[in-house]
Amino acid sequence: MGNFYTDMIFPDARFDSVSRIADPSLLEPMTRQLVEGLIVSAQQMGIEVMIYETYRSQERQQALFNNGATRLRTVGVHHYGLACDIVRVVSGEPSWKGDFAFLGQLAHSSGLIWGGDWGAPNIKHTFVDSVHVQRCTVARQGDLFAGAWFPDQTYNPNEDVQHLFNATKKQPTKSTATAGRSETNSKPA
Ligand SMILES: [Zn+2]
């Protein structure tokens, strides 16, 4: 049975693109809807934000790794259309400066996991990525990457209790340290 990854991302001409992609159409539809709602909510809070990166190819991940922009060689949740980086807009330019706790609040209320706490705010994380949101718990990532699981339209990672629990228990071992770790640091590569 197909899913957004197999049906839409895999055949896309940008599948191997080494360029940064900010096109929302490469976000899985529910993820896209939640991200767009989140951006509107941020604006209503007086915070201007923009999508910085949606889909990311393995080739781009490797290039970022080679540049030292990421510690992860293997692409993560961005590759499946289930993750998005959202940055502030300052004078028309993307900005990573300032507090992104608002993104955590909006992510949680809209059904996304925030990279600032990976859905487990009560524990200390060895890796935080405060501009990143994803519609998948950390604990589900292994199945996602293996092609064994893909969220349906009703899936809410914040209600994925068993997996959140597992993620919390595993932290801060390698599995959580690499969570969503398709990331660059805080600057565009
Ligand atoms: Zn990200």
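No value in this document is a laboratory result; all are computed from the given coordinates. Computed from a prediction, not measured in an experiment: that's the story for all the values here.
Data table
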item	result
Computed P(r) (all Cα pairs; the chain; 5 Å bins; percent)	1, 8, 18, 22, 22, 17, 9, 2, 0, 0
Gap separating the Cα centres of the range 93-142 and the range 25-69, nearest whole Å	12 Å
